[in-house]
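The values are calculated or read from the model by the stated rules, or taken from the named source; none is laboratory data. Since the model is a prediction, treat every value here as computed from it, not as a measurement. Backbone-built Cβ (ideal geometry, glycine too); neighbour counts: all protein chains shown. These accessible areas exclude ligands, DNA and RNA; they are computed on the full protein's heavy atoms, side chains included. Shrake-Rupley method; radii C 1.70, N 1.55, O 1.52, S 1.80 Å.
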Amino acid sequence: MTNRDLTKLGEVLRTAREARFIDLARVERDTKIRVRYLSALEQGDYRDLPGAVYTKGFLRNYGLYLGLDPEYLVDLYRLELGSAIDRPMMPVPPRPIAARQGRSLVVTSGAVAASILTVLVVAFVVYLVAEFVTFARTPELRITDPAGDVASFTGVEYTIHGVTEPRSTITTDGLRQNPTTIADAQGRFTVAVGLVPGANVITLVASDPLTGRDSAPVRRTITVILNASPTPSAGVSAGGARG
């Protein structure tokens, strides 16, 4: 067998590597073993390797990376050199080591970059969903005072209290004069409306400046009743007539 022919050790290494669809450049990045040493191991060009001690270290690391028994690879290396000094026994068939043990030792920069990219993509999707929910929903408008319609009111002005989205503009409609107001940072607002005798149907709408959307209209009916002037009794009228 020439130096260019694949040895049995080289065949084992190359077959295991190709079964995982890994090229030598990637093995170099993951194991920090130079490509020329990896190629020498697979080609059997042991003269290109730095020495027996370093070569055994390369074989153990390479074997762990490929999921092979590193001691079996060292035995093959000794046999091919013809010097089985430390372990003269025959090599046993190769057995894969635990996948977790082999893979846990390898953390590549590509895996780290992929993890970071995944986190960024998830965060961006969450942001888009939150923005969509914010801009798609209708602003809330809740009138707290009056809580419902007012059937009997004797004044000519009523101050309406309510809650809506912060900084929203609240408009009124249905009155002779329709005032507007702006909610504070907590969304609270008040607006004073002038009333006329009879039923006053007031429609309020809040416009959210963040989304540009309007709330559903909220209506309150306030019925104003004027105090009636007292009428003279029949007896007083008769007395007056006699005088």
Practice task
Could you tell me whether Asp173 is open to solvent by 30 Å² or more (accessible area, probe 1.4 Å) and either without any contact (Cβ under 8 Å) to a residue 12 or more places away in the chain or of a type outside the set (A, V, I, L, M) (or both)?
Solution key: yes
Exercise for the section: Kindly indicate whether Ile202 is modelled with pLDDT of 95 or more and open to solvent by less than 30 Å² (accessible area, probe 1.4 Å). Expected result: yes
Handout entry: Check on Gly155, surrounded by fewer than 13 Cβ atoms within 10 Å (Cβ to Cβ) and either at pLDDT below 95 or within 30 Å of Ile225 (Cα to Cα) (or both)
Key = yes
Problem - Residue tally, condition in a loop (DSSP other than H, G, I, E, B), of a type in the set (Val, Ile, Thr) and farther than 16 Å from Thr134 by Cα, over the range 190-217 - result: 1
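So that you can scan it fast, the table gives a plain yes or no per residue for (1) part of a helix (DSSP H, G or I); (2) in contact with a Gly (Cβ under 7 Å, 6 or more places away or on another chain):
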position	(1), (2)
Val125	yes, no
Val129	yes, no
Pro139	no, no
Thr144	no, yes
Ala147	no, no
Ile160	no, no
Practice task
Can you tell me which residue among Arg188, Arg167 is under 19 Å from Gly148 (Cα atoms) and open to solvent by 40 Å² or more (accessible area, probe 1.4 Å)?
Solution key: Arg188
Problem - Answer residue from the range 115-150, given it is more than 14 Å from the chain's Cα centre (by Cα), among the hydrophobic types (A, V, I, L, M, F, W, C) and at pLDDT 90 or above and is most open to solvent (accessible area, probe 1.4 Å) among those - result: Ala147
Exercise for the section: List the number of the failed condition for Leu81; all other conditions in (1) open to solvent by 40 Å² or more (accessible area, probe 1.4 Å); (2) modelled with pLDDT under 90; (3) in contact with a Ser or Thr (Cβ under 6 Å, 6 or more places away or on another chain) hold. Expected result: (3)
